[in-house]
Amino acid sequence: MSPEDEAKLGQKVLEMLQKKDSLVEDPEVINYVAQVGRRIIAHIGPHYFPFRFYVIKDPSLNAFALPGGYIFVNTGLLEEIDREDELAGVLAHELAHVQARHLAKRMQKLNRLSLATAAVTIVGLLLGGGQAGQAIAITSSALATTKALAYSRADEEEADRLGFEYLTAAGYDPKGFIEVFNKILRHRWLLSENTPSYLLTHPGTAERITYLESMIEYYKPKVTYKPDPFKLRRIQVRVKVLTHDAGDLVLRYQEELRKTPDDPMLHYGLALSMAKLRRYDEAVTEMLKVIRLLPKEDDFKLDLAEIYFEAAQYDKALDILSPYIKRYPYKEMAEFLLARCYQETKQYQKALNIFKELEKKFNEYPEFHYYFGQLYSSLGKSGLAHYQFAQYFRLKGDQKVALYHLRQAYKKLPPESPLRSKIAAKLAATKETNNGK
């Protein structure tokens, strides 16, 4: 496979997952995973592609790296880990697979396997624990291809060795990866032939635990980075509320709080669940309890601002966001929420300035483009509005509607707009692709 083919395969899989609404779109969750990944990437040396991180809404314990630098982690794995070192171990291992081009090399051996067939099989593999995945991966040919794409023991040993180097260079505790393996082994009774997961795509787990233990014993790496445990706990609760029924969670959290009334994370889960049910006053009450119990963890103040925003109490959200951003100017989610507050209070120019600053950073976030399109529409800039809506539908996997908005953007933008020529090139490329079919 050429690097171009690798990039096309990764993009094809991503588009299929987007179309199935299988990806978590919460920037806080994605940014957390990406931050852990970037800490490791800083120690891997030159690489073919820019790495991108995604979270899949699936309960199975799985993670997978695709050619082209696409790294996927399942919500099931995120919920199961106990500390950041475990996630770092998984990401280091997956990054090592990409660096060594293991999957690309295995696909080269399957000469007749088209990119489209490979993409369908991989999507089935990634969604193995859910109904969407089973619908794709249940066929015998897909299962056979899945097994052919599974890494060999030699692949795994090389990824373990490289991943160990990346992990320890980043200062993480490599024992975290062993702890993940042990969790996966404990869950092996959930597996079947039709629900591929980490054990099936990454063979030889038991032997590899011994191998990693011997490396730790031999090298005795120093653990120099100790993550804040509340950052992981916060993300795990957000994931749970995103992927579970809010009504059930409210009952569960309330029951648990009767036993341990001062557990801040139970109050946090209850607050987010209440907000999801639009019970905003109760959500605010619970979030204030979290802040009182954890006064040094400022991220929960951002969550309170988010609840105020959802409740249309924009002044209260702004009162929190302005000092928060001064203290944490790199917090992109806070800036986006501030822009949305300005947008909802019709302070359009202030909102526009922030949207423009965030455009590159939020390029993969569908809702950003949706609200950016609304903002341009409010300002009477229909060409730019259509362009942003095209990006939104592209990221949601609806290429037909995205194409419509691109054409409308081309028609409505002034002839001298540099964006117009960019759109023309995209439309021409789409036409060539369709003719090629």
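The values are calculated or read from the model by the stated rules, or taken from the named source; none is laboratory data. Here the structure is a predicted model, which is why all the values come from computation and not from measurement. Positions of Cβ are generated from backbone atoms using ideal geometry, with glycine treated the same way; all protein chains shown enter the neighbour counts. SASA here: full protein model, heavy atoms, side chains in, ligands and nucleic acids out. Shrake-Rupley method; radii C 1.70, N 1.55, O 1.52, S 1.80 Å.
Per-structure values
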| item | result |
| --- | --- |
| Rounded accessible area per residue of the stretch 202-300, 1.4 Å, Å² | 56 Å² |
| Accessible solvent surface per residue of the stretch 6-60, calculated while the other protein chains remain in place, 1.4 angstrom probe, Å² | 44 Å² |
| Portion, in percent, of the accessible area of the stretch 2-127 that falls on carbon or sulfur, probe 1.4 Å | 50 percent |
| Packing-based order for 15-25, 382-392, 413-423, using average beta carbon neighbours within 10 Å, highest first | 382-392, 15-25, 413-423 |
| Of LYS301/LYS331; LYS240/LYS361; LYS20/LYS57; LYS222/LYS296, those spanning more than 19 Å from alpha-carbon to alpha-carbon | LYS240/LYS361; LYS222/LYS296 |
| Solvent-accessible area, 1.4 Å probe, carbon plus sulfur percent, for the stretch 344-434 | 51 percent |
| Environment charge of ILE41, counting only residues whose C-beta is closer than 14 Å and scoring Lys/Arg +1, Asp/Glu -1 | +1 |
| Portion, in percent, of the accessible area of the stretch 257-310 that falls on carbon or sulfur, probe 1.4 Å | 53 percent |
| Per-residue HN-Hα couplings for the stretch 36-53 [Karplus 6.51, -1.76, 1.60; θ = phi - 60°; Hz; x = Gly/Pro] | 4, x, 5, 4, 7, 4, 4, 10, 9, x, x, 9, 5, 10, x, 7, 10, 10 |
| Positive minus negative residues near ASP245 (Lys, Arg vs Asp, Glu; Cβ under 13 Å) | +2 |
| Most mobile listed residue (HIS405, HIS267, HIS43) in the chain, GNM with C-alpha springs under 10 Å | HIS43 |
| Gyration tensor (alpha-carbon) shape descriptor, the chain, a/c threshold 1.5 | oblate |
| Loop-resident sites, the stretch 343-415, for trypsin sites (Lys or Arg not before Pro), counting at most 13 other Cβ within 10 Å (DSSP) | LYS346, LYS360 |
| Surface accessible to a 1.4 Å probe, per residue, for the residues of the stretch 301-364, Å² | 52 Å² |
